[in-house]
Amino acid sequence: MLIEPNPADDQFSPTALDLHIGDDFRQFQPKLYETKGVQVSFDLDEVQIPDLAPYMEPLPAESNGTVILRPKQFVIATTLERVALPSHGKPAARVEGRSRFARLGLVIHMTAPTIHNSFQGKITLEIMNHGPISLRVTPRVTRLCQLIFERVEEIPGAELVSPFQGQQGPLGSLAPRQ
(Lines give C-alpha, C1' and ligand atoms only; values in the text may rest on other atoms or scores of the structure.)
Protein backbone atom coordinates (compact mmCIF):
# COMPACT_ATOMS: atom_id res chain seq x y z
CA MET A 1 0.00 0.00 0.00
CA LEU A 2 1.25 3.45 -0.87
CA ILE A 3 0.08 6.83 0.41
CA GLU A 4 1.74 10.01 -0.87
CA PRO A 5 2.66 12.29 0.72
CA ASN A 6 3.71 10.00 3.54
CA PRO A 7 1.24 10.39 6.46
CA ALA A 8 2.40 11.91 9.75
CA ASP A 9 2.07 9.75 12.85
CA ASP A 10 -0.75 11.89 14.21
CA GLN A 11 -2.92 11.15 11.14
CA PHE A 12 -3.42 7.58 12.40
CA SER A 13 -6.12 6.58 14.88
CA PRO A 14 -6.69 3.02 16.11
CA THR A 15 -8.88 2.17 13.10
CA ALA A 16 -8.38 4.88 10.47
CA LEU A 17 -6.07 7.28 8.68
CA ASP A 18 -7.12 10.94 8.45
CA LEU A 19 -6.74 12.45 4.98
CA HIS A 20 -6.33 16.10 4.06
CA ILE A 21 -8.52 17.93 1.61
CA GLY A 22 -6.64 18.89 -1.54
CA ASP A 23 -6.89 22.19 -3.36
CA ASP A 24 -9.09 21.34 -6.36
CA PHE A 25 -12.72 22.19 -5.53
CA ARG A 26 -15.50 22.15 -8.14
CA GLN A 27 -19.09 23.30 -7.93
CA PHE A 28 -21.99 23.26 -10.36
CA GLN A 29 -22.41 26.59 -12.09
CA PRO A 30 -24.84 28.73 -10.08
CA LYS A 31 -27.08 29.26 -13.14
CA LEU A 32 -28.00 25.55 -13.00
CA TYR A 33 -29.81 26.17 -9.71
CA GLU A 34 -32.01 28.89 -11.19
CA THR A 35 -35.58 27.87 -11.85
CA LYS A 36 -35.81 29.93 -15.03
CA GLY A 37 -33.83 29.47 -18.19
CA VAL A 38 -31.24 26.73 -18.00
CA GLN A 39 -32.48 23.19 -17.47
CA VAL A 40 -30.03 20.34 -17.74
CA SER A 41 -30.73 16.68 -17.11
CA PHE A 42 -28.63 13.55 -17.35
CA ASP A 43 -29.75 9.97 -17.96
CA LEU A 44 -28.22 8.13 -15.00
CA ASP A 45 -27.79 5.02 -17.15
CA GLU A 46 -25.69 6.92 -19.67
CA VAL A 47 -23.89 9.78 -17.91
CA GLN A 48 -20.15 9.65 -17.53
CA ILE A 49 -18.51 11.83 -14.90
CA PRO A 50 -16.40 13.75 -17.45
CA ASP A 51 -19.74 14.82 -19.01
CA LEU A 52 -20.16 17.09 -15.97
CA ALA A 53 -17.12 19.23 -16.80
CA PRO A 54 -18.98 21.84 -18.91
CA TYR A 55 -21.46 22.38 -16.05
CA MET A 56 -18.92 22.78 -13.28
CA GLU A 57 -16.52 25.52 -12.31
CA PRO A 58 -13.76 25.92 -9.74
CA LEU A 59 -14.84 27.05 -6.29
CA PRO A 60 -12.59 30.04 -5.66
CA ALA A 61 -10.56 30.31 -2.48
CA GLU A 62 -10.73 33.30 -0.17
CA SER A 63 -7.80 35.76 -0.10
CA ASN A 64 -6.32 33.85 2.87
CA GLY A 65 -6.40 30.55 0.92
CA THR A 66 -9.35 29.00 2.74
CA VAL A 67 -12.48 27.73 1.03
CA ILE A 68 -15.96 28.53 2.32
CA LEU A 69 -18.61 25.80 2.19
CA ARG A 70 -21.92 27.64 2.37
CA PRO A 71 -25.20 26.17 3.66
CA LYS A 72 -26.89 23.89 1.09
CA GLN A 73 -23.81 24.00 -1.15
CA PHE A 74 -22.62 20.88 -3.00
CA VAL A 75 -18.93 20.63 -3.93
CA ILE A 76 -16.63 17.91 -5.19
CA ALA A 77 -12.96 17.91 -4.28
CA THR A 78 -10.08 15.48 -4.01
CA THR A 79 -7.90 14.44 -1.15
CA LEU A 80 -4.37 15.77 -0.97
CA GLU A 81 -3.11 12.22 -0.57
CA ARG A 82 -2.75 9.83 -3.45
CA VAL A 83 -3.60 6.25 -2.50
CA ALA A 84 -2.44 3.07 -4.22
CA LEU A 85 -3.87 -0.28 -3.08
CA PRO A 86 -1.93 -3.14 -4.71
CA SER A 87 -3.89 -6.22 -5.72
CA HIS A 88 -1.31 -8.65 -4.33
CA GLY A 89 -1.75 -7.60 -0.68
CA LYS A 90 -5.55 -7.79 -0.97
CA PRO A 91 -6.24 -4.40 0.66
CA ALA A 92 -9.37 -2.33 0.09
CA ALA A 93 -10.61 0.69 2.01
CA ARG A 94 -13.61 2.87 2.76
CA VAL A 95 -13.55 6.64 2.81
CA GLU A 96 -15.78 8.22 5.43
CA GLY A 97 -16.40 11.65 6.85
CA ARG A 98 -15.31 12.55 10.35
CA SER A 99 -17.95 12.67 13.09
CA ARG A 100 -16.88 16.09 14.38
CA PHE A 101 -17.78 17.59 10.99
CA ALA A 102 -20.95 15.52 10.61
CA ARG A 103 -22.24 17.13 13.79
CA LEU A 104 -22.03 20.47 12.00
CA GLY A 105 -24.17 19.13 9.15
CA LEU A 106 -21.26 18.48 6.80
CA VAL A 107 -21.49 15.32 4.68
CA ILE A 108 -18.03 14.52 3.36
CA HIS A 109 -18.65 11.50 1.18
CA MET A 110 -22.20 10.90 0.09
CA THR A 111 -22.24 7.36 -1.26
CA ALA A 112 -20.10 4.52 -2.59
CA PRO A 113 -17.34 4.73 0.02
CA THR A 114 -15.46 1.69 -1.30
CA ILE A 115 -11.91 2.21 -2.50
CA HIS A 116 -11.37 -0.96 -4.51
CA ASN A 117 -8.38 -3.21 -4.43
CA SER A 118 -5.83 -2.06 -7.07
CA PHE A 119 -7.19 1.54 -7.08
CA GLN A 120 -4.58 4.24 -7.64
CA GLY A 121 -5.20 7.97 -7.39
CA LYS A 122 -6.59 10.75 -5.28
CA ILE A 123 -9.99 10.14 -3.72
CA THR A 124 -12.87 12.33 -4.85
CA LEU A 125 -15.17 13.53 -2.09
CA GLU A 126 -18.77 14.58 -2.63
CA ILE A 127 -19.27 17.31 -0.03
CA MET A 128 -22.58 18.83 1.06
CA ASN A 129 -23.08 21.40 3.79
CA HIS A 130 -26.51 20.55 5.21
CA GLY A 131 -25.95 22.80 8.21
CA PRO A 132 -27.18 26.36 8.71
CA ILE A 133 -23.74 27.99 8.93
CA SER A 134 -20.85 28.47 6.52
CA LEU A 135 -17.82 26.29 7.18
CA ARG A 136 -14.22 27.17 6.35
CA VAL A 137 -11.70 24.55 5.23
CA THR A 138 -8.03 25.06 4.55
CA PRO A 139 -6.72 23.12 1.54
CA ARG A 140 -3.75 20.87 2.34
CA VAL A 141 -4.35 21.41 6.09
CA THR A 142 -7.90 20.40 7.09
CA ARG A 143 -8.27 16.66 7.68
CA LEU A 144 -11.73 16.31 6.24
CA CYS A 145 -12.13 12.55 5.91
CA GLN A 146 -10.71 9.24 7.03
CA LEU A 147 -9.67 6.08 5.28
CA ILE A 148 -10.64 2.81 6.94
CA PHE A 149 -8.68 -0.16 5.62
CA GLU A 150 -10.15 -3.58 4.87
CA ARG A 151 -8.80 -6.83 3.50
CA VAL A 152 -10.48 -8.74 0.70
CA GLU A 153 -10.61 -12.52 0.95
CA GLU A 154 -8.97 -13.27 -2.40
CA ILE A 155 -6.98 -11.39 -4.97
CA PRO A 156 -9.63 -10.04 -7.38
CA GLY A 157 -10.10 -12.12 -10.50
CA ALA A 158 -10.81 -9.13 -12.72
CA GLU A 159 -8.87 -5.93 -13.29
CA LEU A 160 -10.39 -2.73 -11.91
CA VAL A 161 -11.84 -0.79 -14.86
CA SER A 162 -12.97 2.64 -13.76
CA PRO A 163 -12.90 6.21 -15.04
CA PHE A 164 -11.53 7.07 -11.60
CA GLN A 165 -8.42 4.91 -11.87
CA GLY A 166 -5.37 7.20 -11.71
CA GLN A 167 -7.47 10.30 -11.12
CA GLN A 168 -5.79 13.48 -10.03
CA GLY A 169 -8.85 15.74 -10.01
CA PRO A 170 -12.46 15.51 -8.88
CA LEU A 171 -13.87 14.72 -12.32
CA GLY A 172 -11.97 11.45 -12.67
CA SER A 173 -9.25 10.65 -15.15
CA LEU A 174 -11.42 11.83 -18.07
CA ALA A 175 -10.93 8.40 -19.63
CA PRO A 176 -13.93 6.90 -21.39
CA ARG A 177 -15.99 4.34 -19.52
CA GLN A 178 -15.36 0.73 -20.54
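The values are calculated or read from the model by the stated rules, or taken from the named source; none is laboratory data. No experiment lies behind these values; they were computed from the predicted model shown. Every residue, glycine among them, receives a Cβ derived from its backbone with ideal geometry; neighbour counts consider all protein chains shown. Side chains included, ligands, DNA and RNA excluded: accessible areas come from the protein's heavy atoms. Shrake-Rupley method; radii C 1.70, N 1.55, O 1.52, S 1.80 Å.
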* Mind checking segment 1-80 for trypsin sites (Lys or Arg not before Pro) that DSSP puts in a loop (not H, G, I, E or B) and that have at most 13 other Cβ atoms within 10 Å? => LYS36, LYS72
* the chain: translational diffusion in µm²/s, Stokes-Einstein, Kirkwood Rh over Cα pairs, 37 °C, 0.692 mPa s -> 190
* Taking 7 Å along the Cα-to-C-beta vector as the label spot, tell me the TYR33-GLU150 distance in nanometres, rounded to one decimal. => 3.3
* Can you give the calculated 222 nm mean residue ellipticity of the chain, where each DSSP H run of n ≥ 4 adds -39,500 (n - 2.57) and the sum is split over every residue, rounded to the nearest 500 deg cm²/dmol? -> -500 deg cm²/dmol
* Between MET56, MET110, MET128, which gets the highest mean-square fluctuation from a Gaussian network model of the chain, Cα cutoff 10 Å? -> MET110
* **Distance between modelled label sites at ILE3 and PHE42, nm, 7 Å Cα→Cβ extension** => 2.9
* Structure fact -> In segment 53-98 the accessible area split gives carbon plus sulfur, as whole percent at 1.4 Å, a share of 52
* **GNM top mover of ASP43, ASP18, ASP51 - the chain, alpha-carbon springs below 10 Å** => ASP43
* Structure fact -> Long-range amide H partners of ARG82, meaning residues 5 or more apart or on another chain whose placed amide H is closer than 5 Å, are GLU4
* To do: Just grab the label-to-label distance for LEU104 and THR15, each label 7 Å out from Cα along the Cβ direction, in nm (one decimal).
  => 2.3
* Rounded to the nearest Å, what's the spacing between the alpha carbon centres of segment 96-116 and segment 48-83? Just the number, please. => 15
* Asked: Looking only at ALA77, ALA92, ALA61, which one moves most when the chain is put into a Gaussian network model with springs between Cα atoms under 10 Å?
  -> ALA61
* Structure fact -> As straight-line cross-link partners of LYS90, the qualifying lysines (C-alpha separation under 21 Å, not fewer than 8 residues apart within one chain) are LYS122
* To do: Quick one: pull the percent of accessible area on segment 4-50 belonging to carbon and sulfur, 1.4 Å probe, ligands and nucleic acids left out.
  => 49
* Structure fact -> Computed over segment 31-79, protein heavy atoms only, probe 1.4 angstrom, the accessible area per residue in square angstrom equals 67
* Can you tell me which of 78-89, 4-15 comes out highest on packing, and rank the rest after it, using the mean Cβ neighbours within 10 Å? => 78-89, 4-15
* Asked: Taking amide hydrogens as modeled 1.01 Å from N in the peptide plane, which residues meet the under 5 Å criterion relative to LEU19, leaving out close sequence neighbours?
  -> LEU144, CYS145, GLN146, LEU147
* **segment 64-108 residues near the modelled ASP51 label - backbone nitrogen below 13 Å, point 7 Å along Cα→Cβ** => none
* To do: Under 27 Å Cα to Cα from LYS36, which lysines show up? Leave out anything in the same chain fewer than 8 places away.
  => LYS72
* Asked: Around ALA92, which amide H atoms from residues at least 5 apart in sequence, or from another chain, sit under 5 Å from its own amide H, with H modelled in the peptide plane?
  -> GLU150, ARG151, VAL152
* To do: Show which aspartates and glutamates lie in cross-link reach of LYS31 when reach means a straight Cα distance below 19 angstrom and same-chain residues fewer than eight apart are skipped.
  => ASP51, GLU57
* Could you give me the ³J(HN,Hα) list for segment 10-27, computed from phi with Karplus coefficients 6.51, -1.76, 1.60 and θ = phi - 60°, whole Hz, x at Gly and Pro? -> 6, 7, 8, 10, x, 10, 8, 10, 6, 10, 7, 6, x, 10, 10, 10, 10, 9
